[in-house]
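Inspection log for the structure reproduced underneath, given as structure tokens.
The values are calculated or read from the model by the stated rules, or taken from the named source; none is laboratory data. Owing to the predicted nature of the structure, the values given are computational and were not obtained by experimental measurement. Counting neighbours? That spans all protein chains shown, and the Cβs are built from the backbone with ideal geometry, glycine included.
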Amino acid sequence: MKMKWNSERSGVYALGYVQNANTYLSDISHLIQTEVTEKALCDNLKEAYDEDRVINFYYDNYGNLQTGEFDEKRTCRYAIETGFEMPNMNPAYPPDPVYAVFIKDGYGTWSGVNFSTKYKMENMFNAYRFGSISFKNYNAANSFIISLEENLLPGEVWNFKSSVPDDFRPKTQFDILQSYLQYVFEKLVSDYTNPESKNYKKIVFSIDHKYALFNTGLLNKFAQDIYLVGEVYNRKDNKFIFSSPFIAPSKVDLMRKYQFASASLYPNVVEFFHSLDDIIYDSEIEIDISADKLTHIIEDGAKRNRFSEKYTQMYKQGELPAITSILIAAIDNARKIAKRNYKFVVPQYRSERRGEPGKIQFLMPIYLDRQYGEKPDFALVLNTEIMPDKTKIYTPETILELSWAYNNARVICKPEDTWLNPTTIDRSPMDGDESEDTL
């Protein structure tokens, strides 16, 4: 068995979605230092596919990179020979074969196309990332996160009750802490060059720019700020890879060993909102539940198994009006409870994605069967929209499983334990790989 060749397409397009359709020929031409034509590349790829000159990558249960037979579920990267070679910098060594690389996302879609040598691929895929925070491998990342958790101020749980295994790669032992660090650093990088942001230049670089330092927003056992230091790689404008992080040592060591200037230490904590009004849900504001939003929430939720078996079966049997009535009633009940407990609906931070800036949203717990003593079925995500007359209105965007909701909410602050309690939540695999590797 091997990955599917789409016979309705040709060349790289037959292997998956091509994200760099306008540049992939120039990409490989630049790499091998010779112009490559579309026909030559297409012919070579089809020949390599027919002869099974493909490397299939997957991660074992310990998070380590492996190669083997293609498996529809486990294989998450594959590389196919292009028939072209990259000149070696050392003329004593032969040129390196160049591969076309495709990556599978959480929806099962293959996309590319990146071009790389086998050595670079293996180094990249073996690395483990929390977004742009990178480690050489899974073991290094897991050891770091365990050590960091041991240094934290006691009293907070940083992992869920249990975790459903990911098809691709396991999370570290403290997956909530892993997610928290990713979002904090992502926000600092996004706002670094914006003088209007409260996070302007809250990442500090060493004098030689080999290292960077940021405030995690976490406290250690002595209630002191925890800063992380990491190596700077692939810096382009304000974006870069924060590699092999470690807890910052003393100010003396930072200056002597890592070349930080004393005047630049230490940055303040990240800020995700401008005022308290941004993160307090107002139960008096209308929720605009349109037909389009209901269609997305119910149909998409059912297809992604975000409903219980009972409501999934109702959806399959065409009982959409019944589900709609129950959902609207659950939303009305949540609003009633929120009027009496302003902490019932909690804020979350949705990170920047697909060119859309990060923003504050609200998470409303939905109890379809009104069993308020148990866990809610899911969290309804609400956006805040400002109308032309300056009034506010909430619009539902999607629904989230509780583990996703907790991770997003924890970025703002530790949620109350009323319904978002990690000791009672099973972590579900993410729809998309939040630490996706790229070449």
Counting just the residues of segment 345-359 that are surrounded by 13 or more Cβ atoms within 10 Å (Cβ to Cβ) and at pLDDT below 95, which one comes out farthest from the chain's Cα centre (by Cα)? Lys359
Would you check which residues across segment 76-126 are part of a helix (DSSP H, G or I) and in contact with a strand residue (DSSP E or B) (Cβ under 9 Å, 6 or more places away or on another chain) and list them? Lys118, Tyr119, Lys120, Met121, Glu122, Met124, Phe125, Asn126
Could you check Ala409 against (1) among the aliphatic types (A, V, I, L, M); (2) modelled with pLDDT of 90 or more; (3) over 17 Å from the mean Cα position of the chain (by Cα) and say which number it fails? (3)
Taking the condition touching a residue at least 40 places away in the same chain (Cβ under 8 Å), among the polar types (S, T, N, Q) and under 25 Å from Leu218 (Cα atoms), does Thr398 pass? no
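Quick grid of which residues meet (1) β-branched (Val, Ile, Thr); (2) surrounded by 17 or more Cβ atoms within 10 Å (Cβ to Cβ); (3) in contact with a Lys or Arg (Cβ under 6 Å, 6 or more places away or on another chain):
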| residue | (1), (2), (3) |
| --- | --- |
| Lys118 | no, no, no |
| Asn126 | no, yes, no |
| Phe160 | no, yes, yes |
| Leu181 | no, yes, no |
| Ile207 | yes, no, no |
| Asp225 | no, no, no |
I'd like the full set of residues that are in a strand (DSSP E or B), at pLDDT 95 or above and of a type in the set (D, E, K, R), limited to segment 211-252. Asp225, Glu231
Checking Met255 against (1) in contact with a strand residue (DSSP E or B) (Cβ under 7 Å, 6 or more places away or on another chain); (2) not in a strand (DSSP E or B), which single condition isn't satisfied? (1)
Scanning for something of a type in the set (Ser, Thr, Tyr), surrounded by 12 or more Cβ atoms within 10 Å (Cβ to Cβ) and in contact with a Cys (Cβ under 8 Å, 6 or more places away or on another chain), does segment 39-60 turn up at least one residue? yes
So which of Ser206, Ser197, Ser190, Ser179 ends up being touching an Asp or Glu at 6+ places or on another chain (Cβ under 8 Å), within 17 Å of Pro245 (Cα to Cα) and either touching a residue at least 60 places away in the same chain (Cβ under 8 Å) or not basic (Lys, Arg) (or both)? Ser179
Of the residues in segment 31-60, those that are in contact with a helix residue (DSSP H, G or I) (Cβ under 9 Å, 6 or more places away or on another chain) and of a type in the set (Asp, Glu) number 3
I want to confirm something. Restricting to segment 51-101 and keeping residues that are within 25 Å of the chain's Cα centre (by Cα) and among the acidic types (Asp, Glu), which single residue is farthest from Gly112 (Cα to Cα)? Asp60
When you check Asp417 against the structure, is it over 15 Å from the mean Cα position of the chain (by Cα), under 21 Å from Tyr180 (Cα atoms), in the same structural domain as Lys310 (by TED's automatic domain parsing) and without any contact (Cβ under 8 Å) to a residue 12 or more places away in the chain, yes or no? yes
Would you mind stating whether Thr295 is over 19 Å from Pro365 (Cβ atoms) and of a type in the set (S, T, N, Q)? yes
